[in-house]
Amino acid sequence: MSAEALSIATGNATLPGIAADREAILRGLRAPQKRLSPKYFYDKRGSELFDRICSLPEYYPTRTELTLLTDHVDEIATLAGERAAVIELGAGSNVKARLLLDRLHAPAAYLPVDISGEYLLEQARSLRGDFPGVHMQPVFADFTRAFRLPKLPAALGRKLVFFPGSTIGNLSRHRALRLLETIAVAAKPSGALLVGVDVPKDPAILHAAYNDAEGVTAEFNLNLLTRLNRELDAEFDLRRFEHEAVYDDERRRIEMRLVSTTRQSVSVAGMRIDFAPREHIITEHSHKYAPEEFHALARRAGFVPERTWIDAGGLFSIHYLTTRRECAEVRYVSRPASHNATLRT
Ligand code: AVI
């Protein structure tokens, strides 16, 4: 098949851009605590900036997760079995998908699902030449809402939902549970979920990761306003807003904000949005889960935790969970010395 023949299936998103979400965005900006969903970060520029964040020295999640995946991919392949259909949620850069497709046992299909349509197609195109035997079907969808998966080829093995990068942390704990429930239902009867989850740690490490010295995270955050200016007829002056990211130890989450440096009134899609000096818009929460907390959440959603891998520095975790009981205990690999080696379920 030629590269041109690769088309995007529509999951639930139909329009490129954010114009379709005009009402929700205005509601968020007019609320007593102003908010914008982090899903709007990912236009083409935002996706590129996020890729740059992933290789910053301070941003440990991407490289730690990749090392964990590389170290344990053969065990993951054995668990997943033959002819797995990999459904990747929030498919960004395809480095991790490439590793999986390379080492899984004769994977049958790869369906990356993302809200950034253009970027999605580009990434899937660059993969398909290297995996001619794998059925590839990018799906344009906001996976935080219900969406349709295209028909999968016959004679498939297990559905393996791959949800890397701790993107699940960008949902509230309640919405994370709802999403896990949806995935569990979609993956049944014998599906699995391979999910990357960031863990609580020294606040100084977290602070540095979201306030990098080069200012890429700040640019990523401010790009949201550029996007509203372009796609929603807004008039934000980027010189009058600044990036801020703070760690809330009690809620175990990073809160990312855009802070108005002055009193101002901004036109957005014909509405006036007023800002007091230092008033902020919350643009993202990034929740961190200790393994035990994540297991409890996953169990409530109908998953059985089978394996948890954590790096020796205790920075990041990967969980392999199934929708049916396949073994009696969760095995931890490379747990930091301060934790027990095995947790009975
Ligand atoms: C995509 N997501 C998991 C990233 C995170 O760490 O919450 C997004 C991000 N925001 C700032 N830096 C990275």
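The values are calculated or read from the model by the stated rules, or taken from the named source; none is laboratory data. Keep in mind the model is a prediction, meaning the values are calculated, not measured. Using ideal geometry, Cβ is built from the backbone for each residue, glycine included, and neighbour counts are taken over all protein chains shown. SASA here: full protein model, heavy atoms, side chains in, ligands and nucleic acids out. Shrake-Rupley method; radii C 1.70, N 1.55, O 1.52, S 1.80 Å.
Find the helices (runs of 4 or more DSSP H) located wholly in the range 166-245 whose residues include 2 or more that are in contact with a Gly (Cβ under 7 Å, 6 or more places away or on another chain) and under 25 Å from PHE275 (Cα atoms), and list them.
Of the helices (runs of 4 or more DSSP H) lying wholly inside the range 166-245, those with at least 2 residues that are in contact with a Gly (Cβ under 7 Å, 6 or more places away or on another chain) and under 25 Å from PHE275 (Cα atoms) span 216-231.
What are the residues in the range 264-300 that are open to solvent by 10 Å² or more (accessible area, probe 1.4 Å), away from the ligand (no atom under 16 Å from the Cβ) and within 21 Å of the chain's Cα centre (by Cα), if any?
Across the range 264-300, the qualifying residues are ALA290, GLU292, GLU293, ALA296, LEU297, ARG299, ARG300.
In the range 78-93, which residues are open to solvent by less than 40 Å² (accessible area, probe 1.4 Å) and either part of a strand (DSSP E or B) or within 15 Å of the ligand (Cβ to nearest atom) (or both)? I'd like the intermediate steps shown before the answer.
If we filter the range 78-93 for residues that are open to solvent by less than 40 Å² (accessible area, probe 1.4 Å), which is where we start, we get 79-81, 84-92.
Result: ALA85, VAL86, ILE87, GLU88, LEU89, GLY90, ALA91, GLY92.
Does the range 54-77 hold any residues that are more than 15 Å from the ligand (Cβ to nearest atom) and either touching a helix residue (DSSP H, G or I) at 6+ places or on another chain (Cβ under 7 Å) or of a type in the set (A, V, I, L, M, F, W, C) (or both), and which are they? Steps first, please.
From the range 54-77, those more than 15 Å from the ligand (Cβ to nearest atom) are 67-77; that's our starting set.
Scanning the range 54-77 gives LEU68, LEU69, THR70, VAL73, ASP74, ILE76, ALA77.
Do any residues in the range 273-284 that are without any contact (Cβ under 8 Å) to a residue 24 or more places away in the chain and of a type in the set (Lys, Arg) have Cβ atoms under 9 Å from those of residues that are assigned to a strand (DSSP E or B) and more than 16 Å from the ligand (Cβ to nearest atom), where the two are at least six apart or on different chains, and which pairs are they?
From residues that are without any contact (Cβ under 8 Å) to a residue 24 or more places away in the chain and of a type in the set (Lys, Arg), the pairs are ARG278/SER260.
Looking at (1) under 26 Å from ASP142 (Cα atoms); (2) open to solvent by 20 Å² or more (accessible area, probe 1.4 Å), which one does LEU69 not meet, given that it meets all the others?
Result: LEU69 passes all but (2).
What about PRO16, is it modelled with pLDDT of 95 or more and outside any helix (DSSP H, G or I)?
Values: modelled with pLDDT of 95 or more: no; outside any helix (DSSP H, G or I): yes.
Here the answer is no, as PRO16 does not meet what is asked.
Given the conditions (1) surrounded by fewer than 16 Cβ atoms within 10 Å (Cβ to Cβ); (2) within 16 Å of the ligand (Cβ to nearest atom), and given that PRO200 satisfies all but one, which numbered condition is not satisfied?
If we test PRO200 against (1) surrounded by fewer than 16 Cβ atoms within 10 Å (Cβ to Cβ); (2) within 16 Å of the ligand (Cβ to nearest atom), just (1) comes out false.
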